[in-house]
Amino acid sequence: MLEIAVQDAAGARVALAAGADRVELCCALEVGGLTPSIAMVEACVVEGIPVCVLVRPRAGDFVYTEEEAAIVSNDVRWAVGRGAAAVVLGALRATGSGGVVGEPDHLELDVPMLRHWAEVARERNPEVDVVVHRCVDVLLGAGVPVEEVARQLDAIGGVTRVLTSGGADCAGDGAEVLADLAAELDRLGSGIAILAGGGVNPKSIPKLAEAGIKEFHLSARREIPTGATGPGGGASTRSVTDAQIVQAAARAVGIANGGPGRP
């Protein structure tokens, strides 16, 4: 299964034609992705490829206020109502330092918040997929045991898959952790699949496949020059989905699945 992160309908079109199975739609990939506009969701859905919509209200950490959580709920309702095949969500909460002065708060998945968002999504479409994104890598990267992360994911209820690098900068380097997390999720009977993401490219797919990973996520983008943006328009470049990278990834996924590679 190959998922491509895109930012517009043109990217969804390229991904579909080049062999992707689905897309994750967001904006602002340069900060890890933010919630796209509803109009962009609609434009991508009509391209005919399953669209997973990232719902992330701002850049930065994943600990949200009640106001931010309410915004996410509304964005989830709109995205699912406009035909999103999945919503991609994540939230953490601080659990406190156990009263030790000077000790930082510990973080865990905000299970009640995530459960509520999942319920909101399925009010609009009981069949919609719910994906927990790379907020889990904050935990895995900080040394939270795989067993505990799996337990928290399972406690949400109804999660379809988790997008993660195993806490590493690149998913290829976190392959062993991904395999352990997959095994623990299976042991719990959670039904949650691992979607490897973070630094994934066509060359890293075989290593991840050897670890038992079957779903792969990458942005497959390249920068192109644009016209003048002036002093207030940012860099005079923008990223687009590269068909050749998608095709190479699709071939790698096909080979990893025991076939000759996709055309």
Open item on the list: I'd like to compare 80-93, 185-198: which one has the highest average count of other Cβ atoms within 10 Å, and what's the full order after that?
Closed with: 80-93, 185-198
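Given a Förster distance of 22 Å, report the FRET efficiency between Arg115 and Ala59 from their Cβ-Cβ distance, rounded to the nearest 0.05.
Numbers: r = 24 Å, r/R0 = 1.11.
Here the calculated transfer efficiency is 0.35.
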Open item on the list: In region 126-258, if the dipole is taken from +1 on Lys/Arg beta carbons and -1 on Asp/Glu beta carbons about the Cα centre, which of Gln244, Gly191, Gly212 is farthest to the positive end?
Closed with: Gln244
TODO: Calculate, in nm to one decimal, what Glu123 and Arg77 gain on full extension: separation in residues at 0.36 nm each, minus their alpha carbon distance.
DONE: 15.7 nm
Task: DSSP H segments from the chain that extend 15 Å or more along their own axis, Cα-based, with Kyte-Doolittle mean of 1.0 or above - done: 243-256
Open item on the list: Suppose each label sits 7 Å from its Cα in the direction of the beta carbon; what would the Ala183-Glu67 distance come out to in nanometres?
Closed with: 4.6 nm
Task: Accessible area in square angstrom per residue, region 162-244, 1.4 angstrom probe - done: 50 Å²
- [ ] Only Lys, Arg, Asp and Glu count, each charged at its Cβ (+1, +1, -1, -1), so figure out the dipole size of region 95-231 about its Cα centre, rounded to 20 debye.
- [x] 580 debye
Open item on the list: If the only charges are +1 at each Lys and Arg Cβ and -1 at each Asp and Glu Cβ, what is the size of the charge dipole of region 2-257 around the Cα centre, to the nearest 20 debye?
Closed with: 820 debye
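Over region 2-257, what relative contact order in percent results from Cα pairs under 8 Å that are six or more residues apart?
Relative contact order of region 2-257: 17 percent.
Whenever you get a sec, compute what percent of the accessible area on region 1-88 sits on carbon and sulfur atoms (1.4 Å probe). Show your work: numbers first, answer last.
On the way: 1950 of 3370 Å².
With neighbouring chains kept in place, the figure for region 1-88 is 58 percent.
Using a 10 Å cut-off on Cβ atoms, rank the peptides 231-242, 165-176, 65-76, 39-50 from the highest mean neighbour count down.
On the way: 231-242: 13.0, 165-176: 21.0, 65-76: 15.4, 39-50: 17.8.
Ranking the peptides 231-242, 165-176, 65-76, 39-50 by packing returns 165-176, 39-50, 65-76, 231-242.
The values are calculated or read from the model by the stated rules, or taken from the named source; none is laboratory data. The structure presented is a predicted model; accordingly, all values stated were derived computationally and were not measured. For neighbour counting, all protein chains shown are included, and Cβ atoms are generated from backbone atoms with ideal geometry for every residue, glycine included. Areas reflect the complete protein model, heavy atoms only, side chains present, ligands, DNA and RNA absent. Shrake-Rupley method; radii C 1.70, N 1.55, O 1.52, S 1.80 Å.
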